[in-house]
Amino acid sequence: MLVKKVVLNSRPVYGGANGVPDPQNFRLEEETLAPDLEDEEVLVRTLYLSVDPYMRCRMNEDSGSDYLVPWKLSESADGGGVGVVQSSRHGDYREGDVVTSFAWPWQSHAVLNASVLRKVYPASVGGHVSYFLGAVGMTGLTALLGMREKGHVTRGANQTLVVSGAAGACGSVAGQIGRLDGCSRVVGICGSEDKCKAVVEVLGFSGAINYRRQDVAAGLRESCPDGVDIYFDNVGGDISDAVIAQMNEGGHVILCGQISQYNKDVPYPPPLDPETQQNLRRKNITRERFMVLNYASRAQDGLGELGRLVASGEVKVLETIENGIENMGVAFCSMMKGGNLGKQIVKISH
C-alpha cells in the first residue's frame, strides 16, 4: 500500500525571526506500508488530523518539557488524529470502526497498536467526526477540566472571566464552560474583528477585545468594570500582564498555554515580568500550570459531558478546515499566526 506522510524536514532557526516555523520545515513523502499486521495492531485510514500550538515545542531538538517528545528529523510528525479501521488484529476493533488517538502519525494510512486507540461514535456528534479532535477531544477536555480544577467558579458569586486566545480551539470552549458554570461576565481577547464578533454572537461571550486594534488595558477597564476574577491564559506575554494587572484579590489564573512565547528561546513556562509577579503576590492570585494529562482518570466522564453539551447545542463549535495532507505544514503555520477561527483541522480523506 502506497502511503503519503509528512515528516519534519528541518527545525526552525532561532535568530531575527525568533524561531518562527515555516511550511518548508515539513516535507511530503511516499512510502510503501506492509499490509501484514502483527497481533494487537490495527490498520487505519486517516480522516482528519489536528494541529495544535504545543506542537511548536516538539519541532525543537529539546522540547523544553519532560512530557513532550521532540519530533525526529525525516520521521513522521504525529499528534491528534481520527480515522477508520481498515483491518485489525485486535478483538475490540473491526473494519469500519471510527477511532481516535493522541499519537496519530501525519500519514494517509497508518498501522497503530490498539493500546493507543479509542473507539468513537460519529452519531454522538451529529456526524462531525472532526469534533473528536477539538471540542469533544483533548482540546475540549483541557478547557473543561482547566476551568473546573483551576478556575474555582462559584455560581451566584458575580465572577468575571477573561479568556485570551478566545476564538481558538481551547479558549472558545473554556469561555462557554465558564458561562455555563455560572460566571456572570465572560470577556474574550482575540486578534480580529471577525473573531470578536464570533465569540460574542456565536459563543455567547459578554464582550470581546481586539488586541490588534484596541489597547487591552483600556478595553478591560471598560468590559470588566468590577475587575477580573478568573483568567484563562492561552497566550502569555504583554496581554497576560495587562489582564493580571486588573485582577481582583484572591483571583485565579489558569495557565493553559503561552503561544506568544513559543517561537522564542525561553523556558516553559516563560519568566514573568517583575511587576506581574508582584501583582500575583500582593493580591494572593493563584497561577498554576494546568496539564490535562494529570487528570487521565477524569477523561472519560469529561469527554462524555462535552459530547452531551455539544449535542444539545449548549456548547457551540468553531472550526477551520484545511484540505489535503500536503497542507499540514501550511495549516500548522497559519494556526501559529492566528489564522484559524476555532479548532484548526486538516481533512485527509472522506
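Read the figures in this text as sums done on the coordinates, not as results from a lab. Given the structure is predicted, the values throughout are model-derived calculations rather than measurements. All Cβ positions, glycine included, derive from the backbone under ideal geometry; neighbour counts span all protein chains shown.
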Placing each pseudo-label 7 Å from Cα in the direction of the beta carbon, residue 249 and residue 194 end up separated by a distance in nanometres of 4.5 nm
Charge dipole (the chain, unit charges on Cβ, about Cα centre) - positive-most of 123, 279, 109
279
Over the chain: helical MRE at 222 nm, DSSP H runs n ≥ 4 each giving -39500 (n - 2.57), nearest 500:
-7000 deg cm²/dmol
Kindly put 72, 5 in sequence by how many other C-beta atoms sit within 10 Å of each C-beta, fewest to most.
72, 5
Could you work out the mean projected area of the convex hull around the alpha carbons of the chain, in square nanometres to one decimal?
17.2 nm²
State the Cα centre-to-centre distance between region 76-126 and region 183-240 in whole Å.
37 Å
When the dipole is taken about the Cα centre of the chain, and only Lys, Arg (+1) and Asp, Glu (-1) are charged at their Cβ, what size is it in debye, to the nearest 20?
740 debye
If Lys and Arg each add +1 and Asp and Glu each add -1, what is the summed charge of the other residues whose beta carbon sits under 14 Å from the beta carbon of residue 111?
-4
Give me a comma-separated list of calculated 3J(HN,Hα) values for region 117-134, in order, Karplus coefficients 6.51, -1.76, 1.60 applied at θ = phi - 60°, integers in Hz, x for any Gly or Pro.
9, 9, 6, 10, 10, x, 4, 5, 10, x, x, 7, 4, 4, 4, 5, 9, x
Students often forget the sequence filter, so: which lysines lie under 22 Å Cα-Cα from residue 337 once same-chain residues fewer than 8 apart are removed?
195, 197, 264, 347
State whether region 139-292 is rounded, prolate or oblate according to the following rule on the C-alpha gyration tensor (a ≥ b ≥ c being the square roots of its eigenvalues): a/c under 1.5 gives rounded; otherwise a/b larger than b/c gives prolate, and the remaining case gives oblate.
rounded
If we count every other residue with Cβ under 11 angstrom of residue 181's Cβ, Lys/Arg +1 and Asp/Glu -1, where does the sum land?
+3
With the crude spin-label approximation of a point 7 Å out along Cα→Cβ, what separation in nm comes out for residue 38 versus residue 298?
3.7 nm
Total charge dipole magnitude, region 139-292, about the Cα centre, Cβ charges on Lys, Arg, Asp, Glu only, Debye to nearest 20
240 debye
Using Cα pairs under 8 angstrom and six or more residues apart, how large is the relative contact order of region 139-292, in percent?
22 percent
